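Please read the structure below before turning to the comments.
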Amino acid sequence: MKKIYLSAILALFILQYNNSQSANDTIPIQDLDEVVVSTPFKETVKNNVIKVSKLKLSDLSMINAQNFKFSLLKVPGLSIISTGPYISKPSIRGVYGNRVVTYANNMRLENQQWGDDHGLEIDAFGTESIEVIKGPLSVLYGSDAIGGVIYISPDSFISDGFEVELGSYYNSNYSGFTNNLGIKGGSGKFSYLIQGSLVDNGDFENADGVVEGTFFESTDIKAGLGFNSEKFTSDLRFSHSSIKVGVPHGDEHDEDDHDEHGDDDDHDDDHDDEHDDHEDEEESYQDLTNTMISLKNTILFERSQLEITIGYSDNNRKEFGHHDEEGHDDHDEDGDHDDDHDDDHDDDHDDDHEDHEGEAHIDMDLSTTTVDLKYLFPKNNRSEFIIGTNIVNQENTNLGEEELVPNATKNDLGIYGLSHIHGEVWDVMLGFRADFRKIKASGFNKNYSSLNATMGLRTDLGDSGLMRINFSRGFRAPNLSELFSEGIHHATGRYENGDKNLSNESNLQVDFSIMTFSEKSKFEFDLFYNKINDYIYVNPTDSYVDNYQVYKYIQEDASLFGGEISYKRETPLEWLSHETTIEFISGKTAERENLPLIAPITLNHSFGFDFNNSSLEIGALFKGKKQNIGQFETKTDSYLLVNVSGSHDLNLLNNNLTLGWSINNLFDKEYYDHLSRLKNFGIHEMGRNISVGLNYTF
């Protein structure tokens, strides 16, 4: 059945593509004319030398726009590494964590991105668009941007009037409620907005039943104040989020073991005993707060402009549960202990547990101050040029009983220049950057530096096509976890051992892209090769500490290769359109070992039905079998998911009321996702989820 389905999609893809090439339409489809804000020259998606994928949340279904995970998965080449439905980390072409820089509220997001179990922690409400740059952009964004950039643009202001938006949503799988309120206004030169949301989601359910410890609760507030005059603009943004997210229990094992147990009664009894043991375990969850405030001022001169952005953020992370009781098991194996000592030991253990019950075993506070300066020189018909600097000061402070990473300070300074040269049918972009980073911790004081450059060419292919080729060099200094880890990381279930002698990662990526377009269609073909020198990754060893396997951070050269194909077309039936994307990635070390956390081949196809006041989308997601796996991974079977969503607009008191709905995993498929950490615990992904929602704007 899967082969028939894939063959049908491929045949339709080829047929429609051939038809589109015979058309005489030369008007670009609408999304190519969107202005890019993540690169400095304010070019459109079509004219930018660097390829940027731009996604407007208003173009998504009302239900899917609730969650950044669903939004980001619309971008070919971008995958999600997850721990349940709410802890999501973006991976761009197999590169993730600190190698992907995220911007939100006009400033860099800093929230301990090094952790596999540390998500984005950003609320989707109050967001206007998302831009994704696939590839190193260290020239603009400094250290860490060797994998790419995710630029999240907040809601824009309105210049005049008053607007209120109310939304309420329900999700059946986990009995989840989401409510949001947004207010915008403007008069004269001033504008303002405020937005708030509440989310209360229970544990999700899959084919095996309810998965305990997968709940999610959040409160989010965003506010903004804008000023706009002929010579000066100012944009003040504030956001504060408070999140409580569950972390499921589980023992790491190969999920294939489930099939070997069969249906014998002994296994059922053992499973019941294990379930009872889990009920006695302390609930594990993360308590997260994130506060961001930024002020972006733009001074407009006669032909040039100066941008000054100052930002401050504070991220507090508390982790509860899985309290470490190291050393107690060792006593049981010592034959010299008498009964009195055992009783005393038990009393001490009980007293110690009572003392720590309800306390966070990990409590980290990360404060970050950023200053970004950018000067755009006078523009002429042939070229434009900018220079800029980025300054970052960051302090990590431990407040809990355990330390995953030490108290440390980090200071960054980057200086860059970027030029854009225009030809008749071509554009060239050239850039350079110098970076300096200093990391200071107890007994450690080290400087890191790097010179980086980028060069890109974009050229027209007639009136209905274009080609891009980009060469970019980036770098990343090792993070605190890679340098200093020395202990049990309960969230990952392993003993992690850092290395203070790790050096910079550096990479060179080549991107090649072809796009053809018409009034009714768009076809894109992208290839990339990413060579990373001194790639840092965690590798299992044959040692154990307190029954936890030791994983050590090591460095080795690595390379990634892959590409994406996408095709979008409006059919001769005005109400029907379809879109297909295919993506593939291969990652190897210099020793030809497979890199971990590389997504399998992925095919996504959807049909859109748009009527006067109603819309319907039917989508199918296929992920192939993953057999080329890293050392500590297990193979993953292929799967096919079908999702359906729709909306209907009504006029209520001369204002717009939108009714939305969706059914994700329509056929309640039982499956593992290769990039999900729940797979290691033998926990299947979420089952069928029916969502309904209302959105009223007046």
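FYI, it's all coordinate maths here, none of it is from the lab. Just so we're clear, the structure is a prediction, and the values are computed from it rather than from any experiment. As a convention, Cβ positions derive from the backbone with ideal geometry for all residues, glycine included, and neighbour counts pool all protein chains shown.
Quick rundown of the values:
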| item | result |
| --- | --- |
| Computed over the chain: relative contact order in percent, which uses C-alpha pairs under 8 Å that are six or more apart | 13 percent |
| Residue order, fewest to most beta carbons within 10 Å, for Glu131, Glu633, Glu283 | Glu283, Glu633, Glu131 |
| Integer Hz, Karplus 6.51/-1.76/1.60 couplings in order for the range 589-601, x for Gly and Pro | 7, 5, 8, 6, 7, 6, 6, x, 6, 9, 5, x, 4 |
| For the range 649-661, 3J(HN,Hα) per residue [Karplus equation, 6.51 cos²θ - 1.76 cosθ + 1.60, θ = phi - 60°, Hz, x = Gly/Pro] | 9, 10, 9, 10, 6, 6, 10, 8, 10, 10, 9, x, 7 |
| Sum of side-chain charges, Gly176 neighbourhood, beta-carbon under 12 Å (Lys, Arg +1; Asp, Glu -1) | -4 |
| The range 123-160 versus the range 47-85: alpha-carbon centroid distance in Å | 12 Å |
| Charge dipole (the chain, unit charges on Cβ, about Cα centre) - positive-most of Thr636, Ile415, Asn664 | Ile415 |
| Calculated from backbone phi, Karplus (6.51, -1.76, 1.60) coupling profile of the range 63-68 in Hz, x at Gly/Pro | 6, 5, 5, 5, 10, 4 |
| Unsatisfied cross-links (Cα-Cα over 29 Å) in the set Lys222/Lys568; Lys134/Lys522; Lys244/Lys296; Lys89/Lys440; Lys89/Lys568; Lys410/Lys552 | Lys222/Lys568; Lys244/Lys296 |
| DSSP-defined beta bridges in the chain - what % are antiparallel, rounded to 5 | 95 percent |
| Ranking of Arg473, Arg592 by count of other Cβ atoms within 10 Å, fewest first | Arg592, Arg473 |
| More than 23 Å apart - percent of Cα-Cα pairs taken over the range 71-168 | 27 percent |
| Fewest-first ranking of Asp123, Asp155, using other Cβ atoms within 10 Å as the exposure measure | Asp155, Asp123 |
| Shape category assigned to the range 116-176 from the gyration tensor of Cα positions, a/c cut at 1.5 | oblate |
| Amide H contacts of Tyr671 (H built 1.01 Å from N, under 5 Å, at least 5 apart or other chain) | Glu685 |
| In the range 504-610, the GluC sites (Glu not before Pro) that fall in loop regions by DSSP, at most 16 other Cβ within 10 Å | Glu519, Glu574, Glu591, Glu593 |
| Taking the convex hull of Cα positions in the chain, its mean projected area over all directions (nm²) | 33.0 nm² |
| Options Tyr548, Asn381, Leu483, ranked by Cα towards positive dipole end of the chain, top entry (Cβ charges) | Asn381 |
| Filter on Lys189/Lys379; Lys520/Lys623; Lys69/Lys623 - keep pairs with C-alpha separation over 20 Å | Lys189/Lys379; Lys520/Lys623 |
| Long-range amide H partners of Ser485 with built H, under 5 Å | Gly498, Asp499 |
| Under-5 Å amide H pairs with Ser450, H placed in peptide plane, nonlocal only | Asp435 |
